[in-house]
Amino acid sequence: MIDTINQNNITAKTWFKMTKSLLTNANCSSQIPTLIQNDITADLDIDKANILNDHFCRQSTVDDTNKNPPDIHINNNSTLSNINITSQEVKRRYHANGSF
């Protein structure tokens, strides 16, 4: 393999094939190992998913108790004066899509 790497005319296909073989570990499993949280062992995928979900939910929770929402100024001067929707148009669209 070292001789192949040292060649000046190595093809991209050969390079990526060697890289893949070096980076791929035949003994490596794609499964998440058993997780332990608060002395609870999770072996099943669903239990592992729940543990990870709980963890990431705790990371993204913001305590906004007694906080006022931001003051958002909305420009409500906009109008849609040139749109006309007829019952025929609604029926045509409904039948074309099968639903809304």
With Rh as the Kirkwood radius over Cα pairs, the chain has Rg/Rh of 1.32
Restricting to lysines and to Cα separations under 30 Å from LYS20, and discarding same-chain partners fewer than 8 apart, the set is LYS48
For LYS13, counting only lysines whose alpha-carbon sits under 25 Å away and dropping same-chain residues fewer than eight positions off, the answer is none
Applying the gyration tensor rule to the Cα atoms of region 41-100 (axes a ≥ b ≥ c; rounded if a/c under 1.5, else prolate if a/b exceeds b/c, else oblate), the class is oblate
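We did not get these values from a lab; they are worked out from the coordinates using the rules stated. Values in this document were obtained by computation on a predicted structure and should not be read as measured data.
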